[in-house]
Amino acid sequence: MKAVKVRKEFAERVRKDLERRGFKDRRRRIRFEDGAVIIPVVDDFSIPSPHYEIIEDLNPVFREKRNFREIVESIAGFYPRYADLKVFGDVGVMKLPAEILKYKREIAEGVVKNYRLDSVWLDRGRHGMERRPEMEPVVGSKSLVEIKENGCVFRFDLTRVMFSQGNQYEKMRVAGLVNDGEVILDMFAGIGYFTVPVVRHSQAKKCYSIELNPDSYRFLIENIKLNDLEGVVPVLGDSMHVTPENFADRVIMGHIRCQDFIEKAIMALDGEGWIHYHEAVPERIIRRPVRRVERAAERMHAKLIEVSMRKVKNYSPGVYHVVVDARIRKS
Ligand SMILES: C[S@@+](CC[C@H](N)C(=O)[O-])C[C@H]1O[C@@H](n2cnc3c(N)ncnc32)[C@H](O)[C@@H]1O
């Protein structure tokens, strides 16, 4: 059995290259030996390089578990681009594109066995402004999960509320921007996606957290308690109608379709403050979110003092989830 022996500083580059070209042997684990990295390769590999040495692998370590890609490949014969598995505690949620849907049961059984899970659900998308998930049970039916993220605990029922794992950095980034004693408004609080980490990791004075969906609101209250948060005021209602005016230093608008709420967010600011406006936007019109904030400020006769935009994650092919940070002064 063959492997390549690589100096640490080249290991990641070599690994990626071997993986991309299909030479890495996925059945065996990468390991450290004598200060070098040993990357298992397939037996007919023979491409020389100054960056590594091809060796006989005398101490192979086999993986006991197969990963999601290997499970899908072994059942469907290929791995489609938008297949995905997320694991929440002992429950898995799969996304399978149409071409491999017919294998859902076999794939789910492979996932349960290899990841030692209780249940596996098929994610069929989100609906409406409340982003309610449509989940199909494939193996088992456990749906109440508890996960840890950024030092916070979140409990939720994944068949009733959405949970997006791709925004972890964004949540901590916003927490890091909060000045001591700030009053925050979270206009689309969900189960506390932003409220919990922001309040936990800052010295905010108060956080008003508005949520429309009673299921999410119930978990918001539970997660405030679970994380011992003080100063959070949960509000069940539509932020278009229940948002107070002239009170907040910072407004979090963590919903990717909330362009109609920008003026409401500005009204909520106490004279001057920040809004963090999220949007899913196609790459070809990438400045649209900034223009929307500029126009809303103009309509409100407010001044945009600072504005910047950053990518949160890829949303779908050619579409980005972005956030606009805008500092606004009302006249
Ligand atoms: C997309 S989720 C939040 C996702 C979150 N930003 C994350 O990082 O995972 C948006 C939440 O806003 C709530 N929502 C939608 N429209 C609302 C409204 N008008 N007022 C208050 N909450 C609303 C939904 O019920 C949902 O829980």
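The values are calculated or read from the model by the stated rules, or taken from the named source; none is laboratory data. Please read these numbers as outputs of a predicted model, since none were measured by experiment. Cβ atoms come from the backbone with ideal geometry, glycine included; neighbour counts cover every protein chain shown. These area figures cover heavy atoms from the full protein model, side chains too; ligands, DNA and RNA do not enter into them. Shrake-Rupley method; radii C 1.70, N 1.55, O 1.52, S 1.80 Å.
For segment 154-200, how many residues meet the condition of being small (Gly, Ala, Ser), out of contact with any helix residue (DSSP H, G or I) (no Cβ under 7 Å at 6 or more places or on another chain) and at pLDDT 95 or above? Walk me through it before giving the result.
Initially, segment 154-200 is screened for residues small (Gly, Ala, Ser), giving 164, 166, 175-176, 181, 189-190, 192.
Within this subset, residues satisfying the condition of being out of contact with any helix residue (DSSP H, G or I) (no Cβ under 7 Å at 6 or more places or on another chain) are 164, 166, 176, 181.
Right, trim to at pLDDT 95 or above and you get 176, 181.
Count: 2.
Being open to solvent by 50 Å² or more (accessible area, probe 1.4 Å) and either touching a Cys at 6+ places or on another chain (Cβ under 6 Å) or in a loop (DSSP other than H, G, I, E, B) (or both) is the requirement here; does residue 168 meet it?
Numbers: open to solvent by 50 Å² or more (accessible area, probe 1.4 Å): yes; either touching a Cys at 6+ places or on another chain (Cβ under 6 Å) or in a loop (DSSP other than H, G, I, E, B) (or both): no.
No.
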Are there any pairs with C-beta distances below 9 angstrom linking a residue in segment 29-50 that is under 19 Å from residue 66 (Cβ atoms) and touching a residue at least 24 places away in the same chain (Cβ under 8 Å) to a residue that is outside any loop (DSSP other than H, G, I, E, B) and of a type in the set (Phe, Trp, Tyr), with the two at least 6 apart or on different chains, and if so which?
29/62; 39/52
For segment 178-230, which residues satisfy the criterion of being part of a loop (DSSP other than H, G, I, E, B) and of a type in the set (Lys, Arg)?
205
For segment 211-219, check the following and say yes or no: at least one residue is surrounded by fewer than 16 Cβ atoms within 10 Å (Cβ to Cβ) and either of a type outside the set (S, T, N, Q) or more than 8 Å from the ligand (Cβ to nearest atom) (or both).
yes
Here are 149, 106: which of them is within 13 Å of the ligand (Cβ to nearest atom), out of contact with any strand residue (DSSP E or B) (no Cβ under 6 Å at 6 or more places or on another chain), in contact (Cβ under 8 Å) with a residue 24 or more places away in the chain and among the acidic types (Asp, Glu)?
149
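Might you check whether a residue that is closer than 25 Å to residue 321 by Cα, more than 16 Å from the ligand (Cβ to nearest atom) and either more than 23 Å from the chain's Cα centre (by Cα) or surrounded by fewer than 17 Cβ atoms within 10 Å (Cβ to Cβ) (or both) occurs anywhere in segment 133-146?
Going residue by residue through segment 133-146, those that are closer than 25 Å to residue 321 by Cα are 133-135.
Among the residues that remain, those that are also more than 16 Å from the ligand (Cβ to nearest atom) are: none.
For segment 133-146, residues closer than 25 Å to residue 321 by Cα, more than 16 Å from the ligand (Cβ to nearest atom) and either more than 23 Å from the chain's Cα centre (by Cα) or surrounded by fewer than 17 Cβ atoms within 10 Å (Cβ to Cβ) (or both): absent.
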Expected output for segment 238-253 (first residue of a type in the set (Asp, Glu), partner in a strand (DSSP E or B) and more than 8 Å from the ligand (Cβ to nearest atom), Cβ below 8 Å, 6+ apart or cross-chain) is 249/183; 249/184; 249/269; 249/270; 249/273; 249/274
When you check residue 13 against the structure, is it without any contact (Cβ under 8 Å) to a residue 60 or more places away in the chain, of a type in the set (Lys, Arg) and assigned to a helix (DSSP H, G or I), yes or no?
yes
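Quick one: which of 272, 306, 298 is away from the ligand (no atom under 16 Å from the Cβ), of a type in the set (Asp, Glu) and not in a strand (DSSP E or B)?
On the way: 272 fails: not in a strand (DSSP E or B); 306 fails: not in a strand (DSSP E or B).
When all the criteria are applied, what remains is 298.
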What's the total number of residues in segment 243-265 that are surrounded by 13 or more Cβ atoms within 10 Å (Cβ to Cβ) and part of a helix (DSSP H, G or I)?
6
